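Let me begin by presenting the structure, written as structure tokens, before commenting on it.
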Amino acid sequence: MDELRVGVFVCHCGRNIGAYVNVPEVVEYVEGLPDVVHVEHNLYTCSEEGISAIKKGIQEHGLNRVIVASCTPRTHEPLFRSACEATGLNKYLFEFVNIRDQCSWVHMGEPEKATQKAKDLIRMGVAKARLLEPLEELEIEVNPSALVMGGGVVGMQAALNLANQGFQVHLVEKEGELGGTLRDVYKLFTANEEASKLLGPLVQKIKSHPRIKLHLSTKVKNVGGFIGNFDVTLNQNGAESKINVGTIIVAIGAEVLKPIGQYGYGKFPNVITQLELEKRLKNGNLDGQNIVMINCVGARVPERTYCSRICCMSAIKNASLIRELNPEAKIWILYRDLMTYGVDFEDYYRKSMEQGVRFIRYSLEKPPEVTGNGKADNIKVYHELRKRELELPCDMLVLTTPLIPREDNQEISRLLKVSLDEFGFLLEAHLKLRPVEFAMDGIYICGSAKWPTDVAEGVSQAYAAASKAAGPMRIGYVKPEAITSSVNEDICSGCGTCVSLCPFGAMELVSKDGKRVAQSTVAQCKGCGVCGAACPSGAITMNHFSNEQIMAQLEALIA
């Protein structure tokens with residue numbers, strides 16, 4: 001084994017670390033640790049100057065283990081690994097020590113303790129770095145075809161984008177026609193363009209595109225495999241078929257809440273939802289001079305605490321359209337707060353007030369009251385700004401309800417081995433860093449399947465998801481991280497504990513030499529360590545996080 005030569009680079013991270021951790025004192029301490037031959041500190045190690053310092057340090061001091069003590073590996077580890085690779089050093093001989101999130105940020109009022117903790121963390125990192133081994137990443141071929149789940153406007157745009165790039169696309173829609181919820185929408189805000197004028201040409205492009213295979217009245221029954229090689233079973237009216245794709249885009253959208261029992265919905269014939277109003281506007285079937293709209297029906301309440309974001313604009317749009325159709329109509333929008341984010345939405349809101357739409361603010365503690373004989377013909381509301389109760393005549397009551405997760409989200413989550421958030425929407429890998437990706441490689445998400453979005457925002461996400469999905473298909477291969485599990489078949493008992501616990505479906509039992517043993521699929525394994533921690537035989541080793549490496553860190557901590 002070559003002589004260990006560890007280099008440590010400590011980052012000030014501006015004031016994030018340097019204001020609470022005595023970095024020069026930490027550097028002086030680290031210089032005395034065993035096998036550490038080079039230590040330096042940088043204002044911003046992730047800057048061009050900092051990256052150059054890492055490369056220079058590796059070359060000048062013959063470093064064969066590199067440690068960066070700075071912020072979080074979630075954002076910067078790939079950058080520092082690339083710097084190591086650029087000098088010919090295996091990137092898995094790099095160790096990241098987080099002295100920002102796990103040290104300076106949680107000990108802002110204790111600079112001395114923060115400094116000591118930074119020393120402890122780096123000492124542990126050095127102990128692990130001594131035992132790091134070079135790892136090699138496997139190259140996995142990617143089938144240049146994609147599955148898009150959902151035939152709404154977002155799914156169609158994603159499919160069309162991929163097909164126009166030259167990839168074969170399977171577009172699966174569980175209903176008998178394309179368009180999703182947008183089929184029932186009259187006009188889109190803020191341009192007031194008819195939704196049918198957007199949908200019609202788009203559907204024709206999908207149906208006529210030579211690289212798009214359309215599967216209507218079809219559900220995804222099963223998904224197996226991994227990025228580059230997903231085996232998908234489709235069910236179309238009871239008939240099953242199989243396809244193989246390299247990537248998957250989920251664009252199944254959301255559905256509109258039907259507020260049964262609230263404000264007379266389902267009891268009074270003149271109480272409808274915004275989506276039902278859209279249908280009436282579309283068909284020219286609109287009666288009544290006095291129209292009241294109640295926002296936040298079923299949203300921002302204890303059983304559903306989130307704001308659906310697009311509901312307010314839907315109400316404002318429909319109110320504005322009614323005023324254009326009938327300038328004599330009286331329209332009141334009862335709201336708790338108005339979500340009109342962005343300049344265009346704010347301008348649209350102001351325009352509706354100029355048209356004569358009236359806005360009344362109510363509170364959750366004093367919601368509107370609906371009374372009537374055979375229909376809702378009187379609305380009582382406590383005006384929060386005027387501090388008095390008003391009575392509004394009502395020919396039609398329109399309830400503004402939120403988008404909610406689809407009923408089959410649980411099934412989709414199970415099929416794709418992806419997560420749901422607390423409300424039941426599909427959960428992306430990271431809100432800011434990976435907004436259109438799942439934690440499962442090769443599967444992407446866009447539109448209201450992950451959170452309520454308007455059409456423009458959903459289409460933007462569709463392009464982003466298609467761009468992400470096209471990357472590995474265009475390259476032709478992927479290299480999953482080598483931080484995975486490996487099984488010692490000699491001591492594996494074949495109990496199957498790892499198979500039942502693996503959240504990514506990467507473990508399976510196979511027969512070898514007459515013995516049943518566990519086997520890890522590298523392309524699916526995310527290195528979470530659940531299998532290694534649970535293995536009763538101790539047969540599973542986690543690459544880059546072996547028992548020996550972790551024990552070395554613990555021993556360094558208590559030394």
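The values are calculated or read from the model by the stated rules, or taken from the named source; none is laboratory data. Every value quoted in this text rests on a predicted model; they were computed, and no experiment measured them. Backbone-built Cβ (ideal geometry, glycine too); neighbour counts: all protein chains shown.
Restricting to segment 98-140, what's the tally of residues that are within 18 Å of VAL36 (Cβ to Cβ) and hydrophobic (A, V, I, L, M, F, W, C)?
Residues in segment 98-140 being within 18 Å of VAL36 (Cβ to Cβ) and hydrophobic (A, V, I, L, M, F, W, C): 10 in total.
Among (1) assigned by TED's automatic domain parsing to the domain that holds ALA539; (2) at pLDDT 95 or above, there is one condition GLU508 misses while meeting the rest; what is its number?
So the condition that GLU508 fails would be (2).
What residue, among those in segment 516-534 that are within 34 Å of the chain's Cα centre (by Cα) and free of Cβ contacts under 8 Å to residues at least 40 places away in the same chain, is surrounded by the fewest Cβ atoms within 10 Å (Cβ to Cβ)? Write out each step before concluding.
Taking segment 516-534 as the starting set, the residues that turn out to be within 34 Å of the chain's Cα centre (by Cα) are 518-534.
Next, from what is left, pick out any that are free of Cβ contacts under 8 Å to residues at least 40 places away in the same chain: 518-520, 528, 530, 533-534.
Numbers: ALA518: 26, GLN519: 16, SER520: 18, CYS528: 19, VAL530: 20, ALA533: 11, ALA534: 14.
Per the criteria, the residue is ALA533.
Could you tell me which residue of segment 424-474 is surrounded by the fewest Cβ atoms within 10 Å (Cβ to Cβ), considering only residues that are among the acidic types (Asp, Glu) and within 8 Å of the chain's Cα centre (by Cα)?
GLU437
Working only within segment 244-283, note down all residues that are touching a strand residue (DSSP E or B) at 6+ places or on another chain (Cβ under 9 Å) and of a type in the set (Val, Ile, Thr).
VAL245, THR247, ILE248, ILE249, VAL250, ILE252, VAL256, VAL271, ILE272, THR273
Based on what the data block shows, is GLN549 crowded, with 18+ Cβ neighbours inside 10 Å, of a type outside the set (A, V, I, L, M, F, W, C), in contact (Cβ under 8 Å) with a residue 40 or more places away in the chain and in a helix (DSSP H, G or I)?
yes
Report every pair of residues separated by at least 6 positions or lying on different chains whose Cβ atoms are under 6 Å apart, first residue within segment 475-494 and in the same structural domain as MET507 (by TED's automatic domain parsing) and surrounded by fewer than 16 Cβ atoms within 10 Å (Cβ to Cβ), second at pLDDT below 95 and basic (Lys, Arg).
From segment 475-494, no pairs qualify.
Based on this model, can you work out whether TYR20 counts as part of a loop (DSSP other than H, G, I, E, B) and touching a strand residue (DSSP E or B) at 6+ places or on another chain (Cβ under 9 Å)?
When the stated conditions are applied, TYR20 does not pass them.
Just need a number here: residues in segment 408-417 that are of a type outside the set (Ser, Thr, Tyr) and free of Cβ contacts under 8 Å to residues at least 40 places away in the same chain.
3
Which of the helices (runs of 4 or more DSSP H) contained wholly in segment 268-357 include at least 3 residues that are farther than 22 Å from LEU182 by Cα and within 33 Å of the chain's Cα centre (by Cα)?
In segment 268-357, the matching helices (runs of 4 or more DSSP H) lie at 343-355.
Please note which helices (runs of 4 or more DSSP H) are completely contained in segment 100-210 and include at least 3 residues that are without any contact (Cβ under 8 Å) to a residue 24 or more places away in the chain and more than 30 Å from PHE545 (Cβ to Cβ).
195-208
When VAL154 is evaluated against the numbered criteria (1) closer than 22 Å to ASN283 by Cα; (2) modelled with pLDDT of 95 or more; (3) of a type in the set (Val, Ile, Thr), which criterion, by number, is the only one it fails?
Condition (1) is where VAL154 drops out.
Can you confirm whether PRO480 is touching a strand residue (DSSP E or B) at 6+ places or on another chain (Cβ under 8 Å) and either part of a loop (DSSP other than H, G, I, E, B) or under 30 Å from MET293 (Cβ atoms) (or both)?
When the stated conditions are applied, PRO480 passes them.
Restricting attention to segment 10-59, which residues are among the charged types (D, E, K, R) and at pLDDT below 95?
From segment 10-59, those among the charged types (D, E, K, R) are 15, 25, 28, 31, 35, 40, 48-49, 55-56; that's our starting set.
Matches in segment 10-59: ARG15 only.
Please count how many residues of segment 453-476 are under 21 Å from ARG406 (Cα atoms) and touching a Phe, Trp or Tyr at 6+ places or on another chain (Cβ under 8 Å).
2
Please indicate, with yes or no, whether at least one residue in segment 396-407 is over 30 Å from GLY264 (Cβ atoms), basic (Lys, Arg) and in contact (Cβ under 8 Å) with a residue 40 or more places away in the chain.
The answer is no; no qualifying residue exists.
Under 6 Å by Cβ, and 6 or more places apart or on different chains, what pairs join a residue from segment 17-29 that is in the same structural domain as ILE99 (by TED's automatic domain parsing) and within 14 Å of ARG123 (Cβ to Cβ) with one that is of a type in the set (D, E, K, R) and surrounded by fewer than 23 Cβ atoms within 10 Å (Cβ to Cβ)?
The qualifying pairs are VAL26/LYS119; TYR29/LYS119.
Within segment 363-382, can you find the residues that are under 39 Å from the mean Cα position of the chain (by Cα) and in a loop (DSSP other than H, G, I, E, B)?
SER363, LEU364, GLU365, LYS366, PRO367, PRO368
Restricting to segment 1-26, count the residues that are buried (at least 18 other Cβ atoms within 10 Å of the Cβ), over 17 Å from ASN98 (Cβ atoms) and aliphatic (A, V, I, L, M).
Total satisfying the criteria: 1.
Would it be correct to say that LEU397 is touching a Lys or Arg at 6+ places or on another chain (Cβ under 8 Å) and buried (at least 18 other Cβ atoms within 10 Å of the Cβ)?
Working: touching a Lys or Arg at 6+ places or on another chain (Cβ under 8 Å): no; buried (at least 18 other Cβ atoms within 10 Å of the Cβ): yes.
Judged against the criteria, LEU397 is not a match.
Tell me the residue from ALA69, ALA53 that is crowded, with 21+ Cβ neighbours inside 10 Å and either farther than 22 Å from ASP2 by Cα or among the hydrophobic types (A, V, I, L, M, F, W, C) (or both), please.
On the way: ALA53 fails: crowded, with 21+ Cβ neighbours inside 10 Å.
Just a single option satisfies the conditions, and that option is ALA69.
Output the residue which, of all residues in segment 102-119 that are exposed (fewer than 15 other Cβ atoms within 10 Å of the Cβ) and not aliphatic (A, V, I, L, M), is nearest to ALA19 (Cα to Cα).
PRO111
Go through (1) in a helix (DSSP H, G or I); (2) of a type outside the set (A, V, I, L, M, F, W, C); (3) within 28 Å of GLU77 (Cβ to Cβ) for GLU457 and report which single condition fails.
(3)
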